[in-house]
Amino acid sequence: FKNLFNVNATNYANERTGKDFEFQSNGGANIRATELALKSNTFFNTSISGEHNLVSLKTKFHWFGSFNILDQYIPDQRRIQYNQEPDNVNNPYLLLIGASQTSQKSGSRYFGFLNDYNYEAGGDLSKSFNLFNHNQAIKGGYFFQVKDRLFDSRPFSIYLPTDNATLRQLPADQVFSPENFGNGRDNKFGFNELSGSQFRYIANTILNAGFLQLDNQFTDKLRATYGLRVENYDQVIGSLRQSDPRFLHTEVLDFLPGLNLTYKLNNKTNLRLSGSQTVIRPEFRELSSFSFYDFDLGATVTGNKNLVRTKVTNADIRYEVYPRAGELFTIGVFYKYFKNPIELNFNQSGGGSSSTFNYLNADHANSYGAELEFRKKLDFSDALKNFTFQTNLSYIYNRVKSEVEQIDRPLQGQSPYVINASLQYDVEKLGINTTLLFNEIGDRIFYVGNGVGSDRFPAVTEQHRPVFDFQIAKKVIKNTGEIKLNISDILNTDNNYYLDVNNNRKYEKGIDALAIKRKYGSTISVSFSYNLL
């Protein structure tokens, strides 16, 4: 029986500088924009599980149940933007607040409430028996899950019925002062709540899943694990009333087979072949009609109730070597087929805040590549005997194709390569463990452009960047306590997003346009844990 209760709050400030091309045609306006907010999360989980070993029947029974709550509260998120005409550096920065009573881009305030309730229960029964002079097993189980969500938001917009240069030159810490607001008909700011139904929704899903699995050791060298999982997924999004335009009800039945064949070449080497089918379901947020202005993207993000789940067919073959305990070497090739993959698309439908991001299904996508994993103790030298090196390298080639829309490009969010590496230093007798981590992913599409053929708005690509993390941990108080020091993103390199004008999937200054540059900063944390038992 376990319980977990966690409360955390993030008080953050985002700053944007650069140029805004949506409202200015003469080279783009210089901007200074900020977003201030507090985001509070409360998470509670309680779970109970049990295992029963029925020795006389050669049967094991496992069961579980859990309930968790996630509450998120965003009180008074504030966004403000100043624009400067670029023709003269002495021009003042003026508030981007006009007569529109519905803009969330600048001068807006937002209150958001999200409540998630999840219920899970299930169990499985496995039985061992002897066949072909080897131990065999059959396993069957059931899983039940219910998810409920209540979401409500209250966005407010500040507007200026008639232009007032004095108000639009106010510094950020004075804009929201009460004396600057009037009744919406005078020469002061007006205050308007956006009250459309798209700013709130409910959601419910019920998942019933059952599976049957066989684990057969046919010979000393050949083992097969295979089975079938059947899932019934029933979902309601938006509203429970069918007359409500937000209402969406779907029910899908999926049959998901899986197979894993292992051939033992010797006591240290395996050849493994596997195949399976899996599903990727759209999130509540992606299906709802909720629209919000994303400060980082500079556009409105809207869900799409016509999304369907993605079905993925997977296959891979691997060669595995386990030289000794704690060491491994594997190399393999894989293939994936995506039916109806979900992608984030940009729609430049006009000037101002009308540019939007939408989630859309592509027809299909293919992905294949190779992966290598290596873990080695460096004890061939006394100076390195406490070190362990590990790496994982992947190369992925993938394409989304559509003759109708003239599409032939990589899948949004998929990198052409992934590099992970770590160097670990462990002195057990001193209770010290140190790890240096490295990660880099190749340039990948951040969001897809719109249009057809030569008129297509180019995609925005995320540039690769190296990330180093460091951790050192020390056991204390007779090994019942532990102190940890973590430093993440040590290099703090720029995270660049660019329009790949010449479509060569790499950033070239002077040719490609830099759309977003982010600076996250390095994070240093110290933690202490103590085991009471």
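The values are calculated or read from the model by the stated rules, or taken from the named source; none is laboratory data. Note that the structure is predicted; figures quoted are calculated from it, not measured. Cβ placement follows ideal geometry from the backbone for every residue including glycine, while neighbour counts extend to all protein chains displayed. What goes into the accessible areas is simple: the full protein's heavy atoms, side chains included, and nothing from ligands, DNA or RNA. Shrake-Rupley method; radii C 1.70, N 1.55, O 1.52, S 1.80 Å.
How large is ³J(HN,Hα), in whole Hz, for each residue of the range 54-61 in order, when computed from phi with the Karplus curve 6.51 cos²θ - 1.76 cosθ + 1.60 and θ = phi - 60°, using x for Gly and Pro?
8, 4, 5, 9, 6, 10, 10, 10
For the range 366-384 and the range 103-176, write down the distance between their C-alpha centroids in whole Å.
37
Mind checking the dipole of the range 233-303: about its Cα centre, +1 per Lys or Arg Cβ, -1 per Asp or Glu Cβ, Debye to the nearest 20?
Result for the range 233-303 is approximately 540 debye, rounded to the nearest 20.
What list of ³J(HN,Hα) values in whole Hz, one per residue of the range 331-341 in order, does the Karplus curve 6.51 cos²θ - 1.76 cosθ + 1.60 (θ = phi - 60°) give from phi, with Gly and Pro shown as x?
Values, residue by residue: 9, x, 10, 9, 9, 9, 10, 9, 9, 6, x Hz.
If packing is taken as the mean number of other Cβ atoms within 10 Å per residue, what is the order of 67-74, 525-532, 83-90, highest first?
The peptides rank, most packed first, as 67-74, 83-90, 525-532.
Highest mean first, what order results for 242-253, 465-476 on Cβ atoms within 10 Å?
In decreasing order of mean packing, 242-253, 465-476 become 465-476, 242-253.
Of K60/K377; K2/K139; K305/K401, which ones are farther than 28 Å apart at the Cα?
K60/K377
Roughly speaking, what is the stretch gain from A9 to F67, that is 0.36 nm per residue apart minus the C-alpha to C-alpha distance, in nm to one decimal?
Between A9 and F67, full extension yields 18.6 nm more.
Carbon-plus-sulfur fraction of the accessible area of the range 179-235, 1.4 Å probe, in percent?
About 53 percent, which is the carbon plus sulfur part of the accessible surface.
From the helices alone, meaning DSSP H stretches of at least four residues, give me the mean residue ellipticity at 222 nm for the chain, per-run term -39500 (n - 2.57), in deg cm²/dmol to the nearest 500.
So the calculated ellipticity at 222 nm is 0 deg cm²/dmol.
Are any of the pairs K39/K336; K105/K519; K339/K519 more than 26 Å apart by Cα-Cα distance, and if so, which?
Cα-Cα > 26 Å for K39/K336; K339/K519; rest within.
If you take Rg and Dmax of the Cα atoms in Å from the coordinates, which of (1) 26.4, 87; (2) 25.2, 83; (3) 27.8, 91 do you get?
Computing Rg and Dmax of the Cα atoms in Å and matching it to (1) 26.4, 87; (2) 25.2, 83; (3) 27.8, 91 gives (3).
Show me the ranking of peptides 188-198, 407-417 by mean Cβ neighbours inside 10 Å, starting with the highest.
Highest-to-lowest ranking by the protection proxy: 407-417, 188-198.
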